[in-house]
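Chemist: Pasting a structure here, questions to come.
The values are calculated or read from the model by the stated rules, or taken from the named source; none is laboratory data. Computed from a prediction, not measured in an experiment: that's the story for all the values here. Every residue, glycine as well, gets a Cβ built from its backbone with ideal geometry; the counts of neighbours run over all protein chains shown. To get the accessible areas, we keep the full protein, side chains included, count just its heavy atoms, and leave off ligands, DNA and RNA. Shrake-Rupley method; radii C 1.70, N 1.55, O 1.52, S 1.80 Å.
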Amino acid sequence: MRTIVAGNWKMHKDKAEALALLSELVKANAGQPAGVEVVVSPPYPFLDLAVNAVKGSGIQVAAQNCHAAASGAFTGEVSVLMLKSLGVTHCIVGHSERRQYFGETDAQVAEKLRTLLFHGLAPIYCCGERREEREAGRHFHVVEAQLNEALAGLTADELERCIVAYEPVWAIGTGLNATAQQAQDMHAFIRGLLADRGAASVPVLYGGSCKPDNAAELFACPDVNGGLIGGASLDASQFSALIRIARERKA
Ligand code: PEP
């Protein structure tokens with residue numbers, strides 16, 4: 001089973017700071033045994049320099065979003081073909097901040113996911129329930145509905161090229177992570193849904209206030225295949241510590 005640690009920088013860093021962080025990560029990753037796939041996801045303006053900065057290091061670069069169309073009159077948008085031409089290999093889709101602040105629907109997320117697969121990029125597909133949905137005991141139902149819409153009609157081969165990130169919305173940026181038990185229960189549930197579609201080996205990452213002090217417990221869960229990391233990915237020593245923990249736990 002693959003293990004992945006992916007950093008989502010969101011709308012943080014300027015160019016000099018981005019270059020400094022990338023160079024620290026490349027240094028920290030040098031000579032490390034393979035086994036954990038490392039992905040960084042800087043904002044759009046820094047993707048080109050990121051691809052160049054990590055060349056030869058084994059670190060891969062993701063975008064945080066994309067448009068579903070190949071090109072067109074969509075002012076301010078970025079296409080998958082543009083990302084591909086830069087050497088970007090992954091793209092986050094369906095992040096809860098895109099759903100919450102930009103009104104992205106499950107149907108739009110599904111369309112983006114298909115465009116990414118069509119052009120050979122790996123979608124990092126985010127799903128997860130809101131606080132009130134968990135409190136109402138509807139979290140499994142919510143995540144199942146999200147996955148059903150996003151993954152409908154995909155072949156097992158297409159599914160195997162996806163990465164799923166379970167990100168309970170109440171845990172993102174709040175300092176309030178899911179417990180290992182809550183994460184494992186949901187990851188096992190997601191694994192079952194993927195297995196029903198012939199794709200049990202799709203990596204399922206945990207995201208939501210994952211930090212070096214709680215990662216060992218979370219990454220040790222049998223169905224947690226690493227993490228999608230927000231805040232802690234902005235600091236080279238914290239992000240490197242998370243990669244190290246993932247490597248040790250999954251060794
Ligand atoms: C995220 O936004 O994907 C995320 C997991 O953020 P944080 O780690 O800051 O909660």
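Chemist: For region 68-83, does any single residue satisfy the condition of being at pLDDT below 95 and within 16 Å of residue 242 (Cα to Cα)?
Modeler: No, region 68-83 has no match at all.
Chemist: Looking only at region 107-122, which residues are farther than 18 Å from residue 61 by Cβ and open to solvent by 50 Å² or more (accessible area, probe 1.4 Å)?
Modeler: 107, 108, 111, 114, 118
Chemist: I'd like the residue in region 199-233 that is within 14 Å of the ligand (Cβ to nearest atom) and open to solvent by 40 Å² or more (accessible area, probe 1.4 Å) and, out of all such residues, is nearest to the chain's Cα centre (by Cα).
Modeler: 231
Chemist: Residue 138 versus (1) open to solvent by 50 Å² or more (accessible area, probe 1.4 Å); (2) within 16 Å of the ligand (Cβ to nearest atom); (3) modelled with pLDDT of 95 or more: which is the lone unmet condition?
Modeler: Evaluating residue 138 over (1) open to solvent by 50 Å² or more (accessible area, probe 1.4 Å); (2) within 16 Å of the ligand (Cβ to nearest atom); (3) modelled with pLDDT of 95 or more leaves (2) as the failure.
Chemist: Does region 52-69 contain at least one residue that is in a helix (DSSP H, G or I) and touching a helix residue (DSSP H, G or I) at 6+ places or on another chain (Cβ under 8 Å)? Talk me through it step by step, then tell me what you get.
Modeler: Let us first name the residues in region 52-69 that are in a helix (DSSP H, G or I), namely 52-53.
Next, from what is left, pick out any that are touching a helix residue (DSSP H, G or I) at 6+ places or on another chain (Cβ under 8 Å): 53.
There is at least one residue in region 52-69 that is in a helix (DSSP H, G or I) and touching a helix residue (DSSP H, G or I) at 6+ places or on another chain (Cβ under 8 Å).
Chemist: Within region 178-198, how many residues are open to solvent by 50 Å² or more (accessible area, probe 1.4 Å), within 16 Å of the ligand (Cβ to nearest atom) and not β-branched (Val, Ile, Thr)?
Modeler: So the answer is 1.
Chemist: Still on this structure: Please determine whether any residue of region 27-43 is away from the ligand (no atom under 16 Å from the Cβ), outside any strand (DSSP E or B) and surrounded by 20 or more Cβ atoms within 10 Å (Cβ to Cβ).
Modeler: Initial filter on region 27-43 (away from the ligand (no atom under 16 Å from the Cβ)): 27-37.
From what's left, outside any strand (DSSP E or B): 27-35.
Of the ones still in play, those that are also surrounded by 20 or more Cβ atoms within 10 Å (Cβ to Cβ) are none.
Looking through region 27-43, none of the residues is away from the ligand (no atom under 16 Å from the Cβ), outside any strand (DSSP E or B) and surrounded by 20 or more Cβ atoms within 10 Å (Cβ to Cβ).
Chemist: Can you find, within region 158-174, the residue that is nearest to the chain's Cα centre (by Cα) among those that are within 16 Å of the ligand (Cβ to nearest atom) and open to solvent by 60 Å² or more (accessible area, probe 1.4 Å)? Working first, answer last.
Modeler: Of region 158-174, the ones within 16 Å of the ligand (Cβ to nearest atom) are 163-174.
Retained after the next criterion (residues that are open to solvent by 60 Å² or more (accessible area, probe 1.4 Å)): 173-174.
Working: 173: 15, 174: 18 Å.
Taking the candidates together, the pick is 173.
Chemist: Taking region 189-200 as the region of interest, how many residues are over 18 Å from residue 138 (Cβ atoms) and either part of a helix (DSSP H, G or I) or charged (D, E, K, R) (or both)? Even if it seems obvious, please write down each step before you answer.
Modeler: Going through region 189-200, the residues over 18 Å from residue 138 (Cβ atoms) turn out to be 191, 194-200.
Add one more test, that the residue is either part of a helix (DSSP H, G or I) or charged (D, E, K, R) (or both), and what stays is 191, 194-197.
Residues that pass the stated criteria total 5.
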